[in-house]
Amino acid sequence: MLPQLLLNGLIAGAVYSLISIGYTMIYGVGKLINFAHGELYMSGAYLFFTFYILLSWNLYISSILAVALVGILGLILERVAYRPFQEYSRLVPLITTIGASTFLKAVAILLFGVQTKSLLRNETYQNPLVYKGISITPIQVISIIVSLILMISLSLFLKKTKMGKAIRATSEDRLSAKYLGIKVNKVTATTFLIGGMLAAVAGILVGYDQNISPTMGILAGFKGFTAAVLGGIGNIPGAVLGGICLGLAENLGAGYISSANKDSISFIILLLILLLRPNGILGEK
């Protein structure tokens with residue numbers, strides 16, 4: 001039982017990490033909690049559904065287009081809901097992202113209805129592979145591999161590229177970065193782009209393993225936020241660590257305490273981390 005729970009926790013944690021990276025990058029650069037991030041996750045799943053199921057396009061083309069369009073949606077969100085208000089109190093752009101979240105959910109309901117949808121055209125990716133009592137589906141294997149590739153690629157991007165170094169510099173000190181000639185608005189837009197694309201990938205992976213709905217971003221967004229806070233919001237390695245820890249805690253709790261209260265474990269963890277260590281595991285004071 002324990003190996004299966006640990007495996008399930010790693011699978012969930014990999015997805016939470018992709019979501020939490022978007023939260024932590026945007027907060028690190030713009031000092032903003034983007035509460036529309038869960039709806040970017042949802043939008044990725046529905047765009048993929050449109051291309052892959054409704055239009056019957058190729059799997060890879062559908063995936064690439066959905067991720068790219070959500071990245072563009074992230075740019076629009078930065079331009080409309082953040083940039084005009086960045087000089088105001090932090091509360092103002094936070095409220096605008098909540099408004100954007102509500103708007104995106106309403107659009108999804110208007111276009112697709114409230115019923116859940118399936119991303120499957122066949123059952124191949126959900127047929128479980130069993131080895132020594134441990135079960136895993138092909139889509140879960142793909143989820144882990146894709147998540148690892150994306151996280152390693154992001155790490156290399158931040159360390160090796162000019163834009164990556166600009167993102168790290170802006171995260172350290174936005175005002176100093178601006179005086180040094182870094183285009184901080186461009187950097188912020190890039191974090192919205194990257195965060196949106198990662199959230200879209202997570203939405204597609206989860207949607208392929210489960211069903212999708214217009215409200216799927218609410219709980220996923222909350223868990224991504226919890227993972228970011230747990231790891232130390234603003235710290236990308238912390239976001240990954242927080243996602244893995246949250247996934248493991250949820251599944252171990254579901255296995256040994258109560259599966260019915262699995263989602264409530266995230267709320268408990270968020271409360272405890274805010275009370276006992278608000279800087280998170282790797283966060284700085």
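Okay, here's what the table says:
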| read-out | value |
| --- | --- |
| Matching option when the condition is under 23 Å from Gly30 (Cβ atoms), over 17 Å from the mean Cα position of the chain (by Cα) and assigned to a helix (DSSP H, G or I), among Ile265, Ile273 | Ile273 |
| Qualifying positions in region 208-266 - of a type in the set (S, T, N, Q) and over 23 Å from Ile139 (Cβ atoms) | Thr226, Asn235, Ser258, Asn261, Ser264 |
| Meets criteria (among the β-branched types (Val, Ile, Thr) and modelled with pLDDT of 95 or more) for Ile64 | yes |
| Sole exception among (1) in contact (Cβ under 8 Å) with a residue 60 or more places away in the chain; (2) hydrophobic (A, V, I, L, M, F, W, C); (3) under 23 Å from Ala202 (Cα atoms) for Ile152, by number | (1) |
| Whichever residue in region 31-60 is small (Gly, Ala, Ser) and open to solvent by 10 Å² or more (accessible area, probe 1.4 Å) and, among such residues, is farthest from Lys117 (Cα to Cα) | Ser56 |
| Only one of Ala254, Ala199, Ala169, Ala227 that is aliphatic (A, V, I, L, M) and free of Cβ contacts under 8 Å to residues at least 40 places away in the same chain | Ala169 |
| Considering residues of region 61-102 that are of a type in the set (Phe, Trp, Tyr) and surrounded by 13 or more Cβ atoms within 10 Å (Cβ to Cβ) only, the residue nearest to Val184 (Cα to Cα) | Tyr82 |
| Which numbered condition Leu94 misses (of (1) hydrophobic (A, V, I, L, M, F, W, C); (2) within 30 Å of Tyr27 (Cα to Cα); (3) modelled with pLDDT of 95 or more) | (3) |
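Here is a yes/no grid of residues against (1) closer than 19 Å to Leu47 by Cβ; (2) among the small types (Gly, Ala, Ser):
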site	(1), (2)
Lys105	yes, no
Ala108	yes, yes
Ile136	no, no
Lys159	no, no
Ser171	no, yes
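Residue-by-condition table, conditions (1) in contact with a strand residue (DSSP E or B) (Cβ under 7 Å, 6 or more places away or on another chain); (2) open to solvent by 30 Å² or more (accessible area, probe 1.4 Å); (3) farther than 21 Å from Asn8 by Cβ:
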| position | (1), (2), (3) |
| --- | --- |
| Gly217 | no, no, yes |
| Phe222 | no, yes, no |
| Ala227 | no, no, no |
| Ile233 | no, yes, yes |
| Ile236 | no, yes, yes |
| Ala239 | no, no, no |
| Cys245 | no, yes, no |
| Leu248 | no, yes, no |
| Ala260 | no, yes, no |
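The values are calculated or read from the model by the stated rules, or taken from the named source; none is laboratory data. The shown structure was predicted, so the numbers you read here are calculated from the model rather than taken from an experiment. Neighbour counts run over all protein chains shown; Cβ positions are idealised from the backbone, glycine included. Keep in mind that these areas ignore ligands, DNA and RNA; they rest on the heavy atoms of the full protein, side chains included. Shrake-Rupley method; radii C 1.70, N 1.55, O 1.52, S 1.80 Å.
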